[in-house]
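The values are calculated or read from the model by the stated rules, or taken from the named source; none is laboratory data. What you see is a predicted model, and the numbers here were worked out from it, not measured in a lab. Reconstructed Cβ throughout: ideal geometry from the backbone, glycine too, with neighbour counts over all protein chains shown. Only protein heavy atoms, including side chains, enter the accessible area calculation; ligands, DNA and RNA are left aside. Shrake-Rupley method; radii C 1.70, N 1.55, O 1.52, S 1.80 Å.
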Amino acid sequence: MSNTIQRSWFDQYMVPCFSPAQFIPVRAKGSRVWDQEGKEYVDFAGGIAVNSLGHANDELKKVLTSQIESMWHVGNGYTNEPVLKLAKILVENTFADKVFFCNSGAEANEAALKIARKYALDKYGSHKNEIISFENSFHGRTLFTVTVGGQPKYSQDFAPLPQQISHLPYNDIDAIKAHISENTCAVIVEPIIGEGGVIPADPAFLKALRELCDQHQALLIFDEIQTGVGRTGYFYAYEETGVEPDILTSAKGLGGGFPIGAMLVKQSIAEVFQPGSHGTTFGGNPLAAAVANQVVVLVNQPEFLAGVQERHHEFIKRMSDLNQRYHVFSELRGKGLLLGAELEKKYQGKAKTLSNIAAEEGLIALIAGPNVLRFAPALNIEEQDINDGFARLENALKRFVQE
Ligand SMILES: Cc1ncc(COP(=O)(O)O)c(C=O)c1O
């Protein structure tokens, strides 16, 4: 048997909860990726909205290697300099007063949901424990977060599930008005539903959630794991909406490719977690915190965020031009560089087929459900990468409509 590392090893040795592409990426720089055979791809997926500054960004490499030389891990019996810097910069640049660090989006949401339950218990009593979430939402894969997510296919096989969780239609003000009560402890919402189809929230819906939460003493949690850290052209998407959450969760782009998650909260909520209430071994480790700090420094600049908006218009224009020629998409949606293209009726269910053809043509793209092609490229993707990416997408669309 050959000792060369092969894709078949995935099927042989790994738990089959993913179905990765047949090629194996081995090297990446900026918005380009190369596989084992040396084939080159343009990356419009950004590691699923993670590689905010592209692959192997020089400035991130510099802080990571410097931190590697000084200290990797000390455990939470001690704090460390990079995490203190990161907490300070996040607090100074958001609505929040305090931050809890972890390693992923699901863990950030797990912390948010737990602190919301404890806040309600401590302040109002055990009756106030209902969590309201929205149909089609996605909040992670722990048992709590998968149950709160609004896609039963991800939770139904793991019963018994956590209780007192309700799912209401997204963007439906009347539905939540009719449902929310004094038993509601928190409402969790994605400002743009990501995995579930790239569906932006109506500003009026988010405003109504804020008002209803205030009326019923419930906490409003924004899951900004996909929309945060410059993705929508704002540092966090809530800034554009004019609605401030009580709790915000962040991950993905925050580490620019290094795993980190964060829960941002107001002071009065933070106080209900005392030593022992919640924890993590790796959360806030110096390596992740050093990289994330540099990501925040680079992304949260007016010129950088303006660049995201410019690229948004560029992507939409090019998608519209292509669609005038190939008539594959019924709608283009999204903000900043989180973009979704809904397939026309006759192509429903074929998003994966299209993204597979795109990969054959040398373009890495994402899907968001069976009917939506999704792009979440590096926020600093360069003109040449955009040109080449769309040329390859055109080749893919030509084949897609023929096949
Ligand atoms: C909105 C949202 N919340 C939570 C998660 C879960 O994050 P992770 O996979 O890092 O646990 C994701 C991941 O796709 C997400 O898009």
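Computed quantities for the displayed model
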quantity: Selection count, the range 249-278, where residues are part of a loop (DSSP other than H, G, I, E, B) and either within 22 Å of the chain's Cα centre (by Cα) or of a type in the set (Ser, Thr, Tyr) (or both); calculated: 8
quantity: Options Ser133, Ser126, Ser137: the member that is open to solvent by 50 Å² or more (accessible area, probe 1.4 Å) and either touching a residue at least 60 places away in the same chain (Cβ under 8 Å) or touching a helix residue (DSSP H, G or I) at 6+ places or on another chain (Cβ under 9 Å) (or both); calculated: Ser126
quantity: So Thr232, is it in contact with an Asp or Glu (Cβ under 8 Å, 6 or more places away or on another chain), closer than 23 Å to Pro191 by Cβ, within 16 Å of the ligand (Cβ to nearest atom) and not basic (Lys, Arg); calculated: yes
quantity: Residues of the range 216-239 satisfying the condition of being outside any loop (DSSP other than H, G, I, E, B) and either in contact with a Leu (Cβ under 8 Å, 6 or more places away or on another chain) or touching a residue at least 12 places away in the same chain (Cβ under 8 Å) (or both); calculated: Leu219, Leu220, Ile221, Phe222, Asp223, Tyr238
quantity: So Cys185, is it more than 11 Å from the ligand (Cβ to nearest atom), assigned to a helix (DSSP H, G or I) and surrounded by 21 or more Cβ atoms within 10 Å (Cβ to Cβ); calculated: no
quantity: Flag for Leu209 being more than 23 Å from Leu366 (Cβ to Cβ), within 14 Å of the ligand (Cβ to nearest atom) and in the same structural domain as Met263 (by the TED database); calculated: no
quantity: Positions within the range 15-51 being of a type in the set (Phe, Trp, Tyr) and either under 23 Å from the mean Cα position of the chain (by Cα) or closer than 21 Å to Lys61 by Cα (or both), in sequence order; calculated: Phe18, Trp34, Tyr41, Phe44
quantity: Of the criteria (1) assigned to a helix (DSSP H, G or I); (2) touching a residue at least 60 places away in the same chain (Cβ under 8 Å), which one Lys317 fails; calculated: (2)
quantity: Residue check, Val297 open to solvent by 30 Å² or more (accessible area, probe 1.4 Å) and hydrophobic (A, V, I, L, M, F, W, C); calculated: yes
quantity: Positions within the range 52-82 being open to solvent by less than 20 Å² (accessible area, probe 1.4 Å) and within 21 Å of the chain's Cα centre (by Cα), in sequence order; calculated: Ser52, Leu53, Gly54, Leu60
quantity: Qualifying residue in the range 302-321 (condition: within 23 Å of Val91 (Cβ to Cβ), within 16 Å of the ligand (Cβ to nearest atom) and of a type outside the set (Asp, Glu)); calculated: no
quantity: Filtered residue count, the range 242-280, keeping only those that are within 22 Å of Phe375 (Cα to Cα) and away from the ligand (no atom under 13 Å from the Cβ); calculated: 1
quantity: Within the range 322-400, strands (runs of 3 or more DSSP E) holding 3 or more residues that are open to solvent by 10 Å² or more (accessible area, probe 1.4 Å) and touching a residue at least 12 places away in the same chain (Cβ under 8 Å); calculated: 329-335
quantity: Close pairs (7 angstrom Cβ cut-off, 6 or more residues apart or separate chains): assigned by the TED database to the domain that holds Ile260 in the range 98-112, within 9 Å of the ligand (Cβ to nearest atom) and open to solvent by 40 Å² or more (accessible area, probe 1.4 Å) anywhere; calculated: Asn103/Pro259; Ser104/Pro259; Gly105/Lys252; Ala106/Arg141; Ala106/Thr142; Glu110/Thr142
quantity: Flag for Pro259 being open to solvent by 20 Å² or more (accessible area, probe 1.4 Å), at pLDDT 95 or above and within 30 Å of Lys118 (Cβ to Cβ); calculated: yes
quantity: Matching residues, the range 104-145, being in contact with a Phe, Trp or Tyr (Cβ under 8 Å, 6 or more places away or on another chain) and more than 8 Å from the ligand (Cβ to nearest atom); calculated: Glu110, Ala111, Leu113, Lys114, Ile115, Lys118, Phe134, Glu135, Asn136, Leu143
quantity: Number of positions in the range 140-167 that are open to solvent by less than 90 Å² (accessible area, probe 1.4 Å) and not in a helix (DSSP H, G or I); calculated: 12
quantity: Elements of type strands (runs of 3 or more DSSP E) in the range 1-113, at least 3 residues being modelled with pLDDT under 95; calculated: none
